[in-house]
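A.B. asks: For reference, the structure I am asking about is given below.
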There are 2 protein chains.
Amino acid sequence: MRITAEAKLETRQRILEAARKLFCDKGFAGTTTRDIATEASIATGTMFNYFPGKEHLALAIIDISLETAYGEFVESGREGESLEEALFAHIAIGLRHLRPHRGYLGDVVETTLSPFNLSTGADESENLRVRHLETVQGLIEKHTSPSTPRPSAVTMHLYWTLYLGVLAFWAKDASPNQEDTLVLLDQALRLFVGSLNANPKTVEISHDP
Amino acid sequence: MRITAEAKLETRQRILEAARKLFCDKGFAGTTTRDIATEASIATGTMFNYFPGKEHLALAIIDISLETAYGEFVESGREGESLEEALFAHIAIGLRHLRPHRGYLGDVVETTLSPFNLSTGADESENLRVRHLETVQGLIEKHTSPSTPRPSAVTMHLYWTLYLGVLAFWAKDASPNQEDTLVLLDQALRLFVGSLNANPKTVEISHDP
DNA sequence: AAATTTATATGAACATGATCATATTTTCCT
DNA sequence: AGGAAAATATGATCATGTTCATATAAATTT
């Protein structure tokens with residue numbers, strides 16, 4: 001039982017590594033699940049015993065990078081800076097760790113992290129989003145006065161929207177070292193942080209549907 | 001030649017109508033291109049002579065609705081209201097026209113309108129986004145003082161991001177009549193409009209990459 | 001250790017979006 | 001009108017993500 005359990009993990013690792021290599025090399029669309037199986041020395045259908053599908057595989061890779069990035073963020077101590085700077089660092093460090101996956105990030109994010117997908121239940125993409133949002137919520141609470149109302153679900157949706165927008169921009173950013181992304185990130189975060197204190201004026205719901 | 005050219009258009013219409021019906025009925029993923037072909041009384045491959053792919057077909061349907069919506073917006077005279085209200089009306093009227101397609105809007109938007117896709121060139125999705133952004137830019141220019149700087153590409157990206165976020169929220173909004181979406185829309189637009197006047201502080205690009 | 005049960009790997013088969021050589025129809029030329 | 005050339009329709013075929021009955025191996029029981 002010991003040997004086998006380890007072998008399972010090893011196979012899982014082998015699949016992840018094969019996928020990572022191929023995705024980086026030939027992109028997400030350019031890599032077939034058969035390619036991955038071959039590279040990982042398993043049968044065509046076996047990877048589906050380890051991951052629900054190709055996209056989840058890619059997401060798992062992204063997830064690992066972001067987990068590492070989070071560790072680095074915590075280590076850096078930059079969560080102690082101003083809210084805006086802490087959020088900036090959180091995202092920027094994430095981007096740095098996502099660099100190797102920039103080429104195919106779009107394919108993953110657009111179909112898996114998109115807010116349109118909100119909800120096949122407790123799968124891996126949920127985890128990633130929820131974890132990120134909990135971190136952000138924690139930072140907000142840490143940096144605002146206790147009187148400030150907890151950010152609403154709508155507000156957090158807004159944050160996630162902005163975050164995906166930044167990721168999207170970054171994935172396509174042709175400026176050297178993706179500097180332009182930092183401008184966008186700065187602008188987006190200033191918007192967001194600014195909105196936290198603004199008291200929400202009531203919206204009349206008699207408008208258009 | 002006359003009769004045939006009309007027949008072409010008629011076939012195109014038949015495909016669009018078949019797709020619209022099936023998408024509304026069984027969703028985007030639940031409808032196969034073969035279903036559409038059958039419903040439209042054409043061969044399996046024929047629809048690919050009229051549309052580059054299944055998604056473009058869905059996008060064309062969305063596009064028609066939004067074109068109609070734009071007409072109604074212009075008629076309504078609400079572009080004369082405050083910038084925030086004009087933008088609100090522009091989007092809200094769009095949502096009203098997209099209602100029949102709410103069930104499958106996500107599948108289309110996420111893969112076709114997502115900012116990740118920025119650029120297979122001048123295809124239909126480009127058109128939709130560009131048209132929408134031009135309208136918005138027009139509204140901004142109309143409502144701000146000539147001294148206000150033209151919104152940058154980054155700013156417009158931010159707008160598009162927020163717009164997609166609203167669409168995503170709306171597509172899943174379970175509140176009666178999707179009222180919650182209007183709250184989000186209001187919040188998002190207040191953010192955006194507010195940002196137009198704020199002078200962008202320079203961002204030091206020495207930060208993380 | 002043999003037998004049984006359970007978990008896992010396998011690759012053939014399936015579903016479906018898309019392609020493409022071929023057949024059919026339309027348009028153009030004389 | 002008759003035939004050549006171009007445009008269009010067709011459906012068999014392909015590519016690929018995913019499933020599933022079956023085979024194989026591991027764990028458990030006797």
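A.B. asks: Tally the residues that are among the polar types (S, T, N, Q) and more than 13 Å from DNA strand D (Cβ to nearest atom), restricting the search to region B:28-41.
C.D. replies: The number of residues fulfilling the criteria is 1.
A.B. asks: Go over the candidates A:Ala60, A:Ala7 one by one and state the one that is within 8 Å of DNA strand D (Cβ to nearest atom), of a type in the set (A, V, I, L, M, F, W, C) and more than 14 Å from every other protein chain (Cβ to nearest Cβ).
C.D. replies: A:Ala7
A.B. asks: Still on this structure, please answer the following. What number of residues within region A:139-169 are under 16 Å from the mean Cα position of the chain (by Cα) and either outside any helix (DSSP H, G or I) or within 10 Å of another protein chain (Cβ to nearest Cβ) (or both)?
C.D. replies: 13
A.B. asks: Moving to a separate point now. Test B:Asp25 against the criterion of being assigned to a helix (DSSP H, G or I), within 15 Å of DNA strand D (Cβ to nearest atom) and charged (D, E, K, R), and give yes or no.
C.D. replies: Taking the combined requirement at face value, the residue does not satisfy it.
A.B. asks: Separate question: May I ask you to say which residue of A:Ser82, A:Ser41 is among the hydroxyl-bearing types (Ser, Thr, Tyr), more than 16 Å from DNA strand C (Cβ to nearest atom), farther than 27 Å from B:Thr112 by Cα and surrounded by fewer than 16 Cβ atoms within 10 Å (Cβ to Cβ)?
C.D. replies: The unique qualifying residue is A:Ser82.
A.B. asks: How many residues does region B:123-180 hold that are of a type in the set (A, V, I, L, M, F, W, C), touching a helix residue (DSSP H, G or I) at 6+ places or on another chain (Cβ under 6 Å) and farther than 27 Å from B:His101 by Cα?
C.D. replies: 1
A.B. asks: Among the residues that make up region B:16-38, is at least one of them surrounded by fewer than 19 Cβ atoms within 10 Å (Cβ to Cβ), under 24 Å from B:Tyr159 (Cα atoms), of a type in the set (D, E, K, R) and within 16 Å of DNA strand C (Cβ to nearest atom)?
C.D. replies: No, there is no match, as no residue in region B:16-38 is surrounded by fewer than 19 Cβ atoms within 10 Å (Cβ to Cβ), under 24 Å from B:Tyr159 (Cα atoms), of a type in the set (D, E, K, R) and within 16 Å of DNA strand C (Cβ to nearest atom).
A.B. asks: Return yes or no: is A:Ile91 of a type in the set (Val, Ile, Thr) and within 12 Å of DNA strand D (Cβ to nearest atom)?
C.D. replies: Considered against the rule, which asks whether it is of a type in the set (Val, Ile, Thr) and within 12 Å of DNA strand D (Cβ to nearest atom), A:Ile91 comes out as no.
A.B. asks: Shifting gears a bit: What number of residues within region B:42-54 are more than 10 Å from DNA strand D (Cβ to nearest atom) and assigned to a loop (DSSP other than H, G, I, E, B)?
C.D. replies: Looking only at that region, the number is 3.
A.B. asks: Which condition number does B:Ala58 fail, the rest of (1) in the same structural domain as B:Glu141 (by TED's automatic domain parsing); (2) touching a residue at least 60 places away in the same chain (Cβ under 8 Å) being met?
C.D. replies: All conditions pass for B:Ala58, except number (2).
Quick grid of which residues meet (1) at pLDDT 95 or above; (2) more than 21 Å from B:Pro100 (Cβ to Cβ):
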| site | (1), (2) |
| --- | --- |
| B:Lys8 | no, yes |
| B:Leu16 | yes, no |
| B:Tyr50 | yes, yes |
| B:Glu72 | yes, no |
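A.B. asks: Only one of these conditions is not met by A:Pro200: (1) facing chain B (nearest Cβ under 8 Å); (2) exposed (fewer than 15 other Cβ atoms within 10 Å of the Cβ); (3) at pLDDT 95 or above. Which number is it?
C.D. replies: Only one criterion is unmet by A:Pro200, namely (3).
A.B. asks: From the list A:Glu67, A:Glu84, which residue is in the same structural domain as A:Thr135 (by TED's automatic domain parsing) and over 26 Å from A:Gly27 (Cβ atoms)?
C.D. replies: Of the residues listed, the single one that is in the same structural domain as A:Thr135 (by TED's automatic domain parsing) and over 26 Å from A:Gly27 (Cβ atoms) is A:Glu84.
A.B. asks: Looking at (1) free of Cβ contacts under 8 Å to residues at least 60 places away in the same chain; (2) within 13 Å of DNA strand D (Cβ to nearest atom), can you tell me which one A:Phe73 breaks?
C.D. replies: (2)
The values are calculated or read from the model by the stated rules, or taken from the named source; none is laboratory data. Since we're looking at a predicted model, the values are computed, not measured. Positions of Cβ are generated from backbone atoms using ideal geometry, with glycine treated the same way; all protein chains shown enter the neighbour counts.
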